[in-house]
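First comes the structure, then the notes that go with it.
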Amino acid sequence: MAERTAKKPSLEAILVLTAFAAGSVDVIAFAKLGGILCSAMTGNLAFLGFYIGRSAVASAIGSGIALIGYIIGSAAGTLISRGMDQLPALRALLGVEAMLLGGAAALWHFTPHRLGSSTGDGVVALMAVSMGLQSITGKRVNLSSIPTVVFTSTLTNIVIGMTDTLAGKGKKLPQDTKRQVASFLMYFAGALSTGYAVYRFWGGLIYMPVSAGVLAFLSLLF
């Protein structure tokens with residue numbers, strides 16, 4: 001009797017779901033937690049300088065916590081996945097990320113999370129650590145140079161791919177570019193849908209990135 005072949009996980013699904021989570025997390029942090037970013041560290045670093053320059057203490061502290069949390073998450077992700085093959089590493093990374101996002105959601109749901117409060121800073125810290133972990137997930141997926149947490153370089157690669165396609169008659173759009181476009185749009189979709197939830201004052205908006213993170217983890221199991 002032939003042995004059953006293990007089903008290969010969809011790396012593309014992981015990329016788009018984690019990109020959605022990153023967009024959602026950034027909008028929540030920006031709109032509800034003091035104008036900061038938890039995944040896009042280039043923008044967050046610029047905000048940190050801006051807030052320090054204008055003596056906006058609470059927002060500066062939040063941006064600093066996000067930066068430190070992201071660094072801790074990246075370091076933790078490196079250690080967690082060290083020496084592991086791709087699939088076990090992704091399971092570990094996405095499992096921990098889902099738990100961190102779930103912890104942020106619980107803290108958000110059961111405590112006040114005003115700007116400058118310890119619980120608000122706790123939500124920022126948990127989300128930032130989860131995004132640092134996610135940056136290592138993107139490295140371990142290792143598909144089409146998509147980091148899942150910062151999309152400036154992804155946009156550059158999209159423009160390069162499309163320009164090369166248009167300049168070369170008859171060439172098809174590269175598969176890498178298609179994946180990059182999909183991830184870029186899913187980051188935007190996460191930001192757009194969460195932004196709409198903020199506008200409509202929907203209290204469950206914190207569960208949007210959690211759902212994406214859990215689905216990314218479950219995609220490795222089924």
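Here are the numbers:
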| quantity | calculated |
| --- | --- |
| Computed E for R114/Q175 - FRET, C-beta separation, R0 35 angstrom, nearest 0.05 | 0.15 |
| Sites matching GluC sites (Glu not before Pro) across region 1-97 that sit in DSSP coil, with at most 10 neighbouring C-beta atoms within 10 Å | E3 |
| DSSP-loop trypsin sites (Lys or Arg not before Pro) across region 131-222, with at most 16 other Cβ within 10 angstrom | K169, K171, K172, R200 |
| Amide hydrogen neighbours beyond the local backbone of T148, cut-off 5 Å, H modeled | none |
| Highest-first arrangement of 83-89, 13-19, where packing means the average Cβ count within 10 Å | 13-19, 83-89 |
| Candidates per trypsin sites (Lys or Arg not before Pro) in region 1-85, loop by DSSP, up to 15 other Cβ within 10 Å | R4, K7, R54, R82 |
| Cβ-based exposure ranking for V150, V123, in which fewest neighbours within 10 Å come first | V150, V123 |
| Kyte-Doolittle at least -0.5, axis length at least 24 Å by Cα - qualifying DSSP helices, the chain | 11-32, 57-81, 86-110, 118-141, 175-199 |
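Here, each number is a calculation from the coordinates, and none is a lab measurement. Here the structure is a predicted model, which means the values were calculated and not measured. So basically every Cβ, Gly included, is an ideal-geometry build from the backbone, and we count neighbours across all protein chains shown.
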